[in-house]
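First comes the structure, then the notes that go with it.
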Amino acid sequence: DAGVIQSPRHEVTEMGQEVTLRCKPISGHNSLFWYRQTMMRGLELLIYFNNNVPIDDSGMPEDRFSAKMPNASFSTLKIQPSEPRDSAVYFCASSFGYDSGGVLFFGSGTQLSVL
Amino acid sequence: KQEVTQIPAALSVPEGENLVLNCSFTDSAIYNLQWFRQDPGKGLTSLLLIQSSQREQTSGRLNASLDKSSGRSTLYIAASQPGDSATYLCVGAAGRRALTFGSGTRLQVQP
């Protein structure tokens, strides 16, 4: 298996632009997580899906952030409009049987820079 | 909400030393606790996962223990090597509640 695949690896954009981050979880996994990592705040859970349904989105910072999972093999995290304080590394992770203690597998992350 | 604390925040040791990294959590109803390593500029690599019914897991020179009653987990690294230099993170899973990461321990093993 190729693991959790994220794209793009790097994204540089200007303030106000829309940014879309993509994630393909490991085949067969039924839980998907979006995390954000910064030096100041560490790793923060933004949202997680179970069987394509959002379960906990309490970590989504504000209405500018939205996440979708139209099917079991694809998810997007969108920021519109983007702001410099959104600059961070965004990780996607997937798991099988998270509710019963499944192992988390992480993608390589997307480094986002908003100028 | 689950809170996870990792001590120490940073650690520098000479090669060959045995060392212990600590992880404390507030919600004892966790399903499992997972240890990761993160190299600079890279993603997270899973090291060990301990289910709530287990007390420890071992992989090579690594041993992780879990004490739910006291809200603690430890990661023991035997005979440390320069290649072990990384940030080590723990995360507790608690069902439908959010997974929370600790802030990590930055380990530097000097050759």
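The values are calculated or read from the model by the stated rules, or taken from the named source; none is laboratory data. All values reported here derive from a predicted model rather than from experimental measurement. Because the Cβ atoms are built from the backbone with ideal geometry, glycine has one as well, and the counts that use them run over all protein chains shown. What goes into the accessible areas is simple: the full protein's heavy atoms, side chains included, and nothing from ligands, DNA or RNA. Shrake-Rupley method; radii C 1.70, N 1.55, O 1.52, S 1.80 Å.
Karplus-derived 3J(HN,Hα) values for the range B:55-61, using 6.51 cos²θ - 1.76 cosθ + 1.60 with θ = phi - 60°, are 10, 7, 9, 10, 8, x, 7 Hz; glycine and proline are entered as x. Amide H to amide H distances under 5 Å link residue B:48 with B:35, where only residues 5 or more positions off or on other chains count and H is placed in the peptide plane. Ranked by solvent-accessible area (1.4 Å probe, protein heavy atoms only, all chains present), the residues A:40, A:15 order from largest to smallest as A:40, A:15.
Rounded to two decimals, what is the ratio between the C-alpha radius of gyration of the range B:49-105 and 2.2 N^0.38 Å? It would help to have the intermediate numbers written out before the result.
Working: Rg = 12.6 Å, N = 57, 2.2 N^0.38 = 10.2 Å.
With N residues counted in the range B:49-105, Rg over 2.2 N^0.38 Å equals 1.23.
Of the three principal axes defined by the Cα atoms of chain B, the extents in descending order read 42, 27, 20 Å.
In debye, nearest 20, what is the charge dipole magnitude of chain A about its Cα centre with +1 on Lys and Arg Cβ and -1 on Asp and Glu Cβ, if you could check? Don't jump to the answer; show the numbers that get you there.
Working: 9 positive and 12 negative charges, 48 e Å.
Computed about the Cα centre, the dipole is about 220 debye.
The 3J(HN,Hα) values that the Karplus relation (6.51, -1.76, 1.60; θ = phi - 60°) gives for the range B:72-81 are, in residue order, 9, 9, 10, 10, 9, 10, 8, 6, 4, 10 Hz. Gly and Pro appear as x. Pairwise inverse Cα distances across the protein assembly as shown, averaged and inverted, put the Kirkwood hydrodynamic radius at 18.0 Å.
Using a probe of 1.4 Å, the accessible surface attributed to residue B:5 totals some 70 Å² when neighbouring protein chains are kept in position. The share of alpha-carbon pairs in the range B:18-67 lying farther apart than 14 Å comes to 56%. Residue A:10 contributes an accessible area of around 130 Å² to the protein surface, as traced by a 1.4 Å probe with all chains present. Probing with 1.4 Å while keeping every protein chain in the model, the per residue accessible area of the protein assembly as shown equals 48 Å².
Restricting everything to alpha-carbon atoms, can you work out Rg to Rh for chain A with a Kirkwood hydrodynamic radius? Write out the running numbers ahead of the final one.
Details: Rg = 13.3 Å, Rh = 14.0 Å.
That ratio is 0.95, to two decimals.
Take residue A:95: with every protein chain present and a 1.4 Å probe, its accessible area is about 0 Å². Converting phi to 3J(HN,Hα) with the Karplus coefficients 6.51, -1.76 and 1.60 and the offset θ = phi - 60°, the range A:75-90 yields 9, 10, 10, 10, 10, 8, x, 7, 10, x, 6, 7, 4, 4, 9, 9 Hz in sequence order, with x at every glycine or proline. Where in the range A:24-67 does the label zone of residue B:10 land, with the point 7 angstrom along Cα→C-beta and an amide N cut-off under 20 Å? A:38-43, by backbone N distance to the label point. Accessible area ranking (1.4 Å probe, heavy atoms, ligands and nucleic acids excluded), largest first, for B:3, B:17: B:3, B:17. Taking the range A:24-47 and a reference point 7 angstrom along Cα→Cβ of residue A:2, the backbone N atoms nearer than 17 Å belong to A:24-29. How many percent of the accessible area of the range B:1-106 is carbon or sulfur, using a 1.4 Å probe? Of the solvent-accessible surface of the range B:1-106, carbon and sulfur hold 47 percent. For the range B:40-111 and the range A:40-115, compute the distance between their C-alpha centroids and round to whole Å. Cα centroid of the range B:40-111 versus Cα centroid of the range A:40-115: 22 Å apart.
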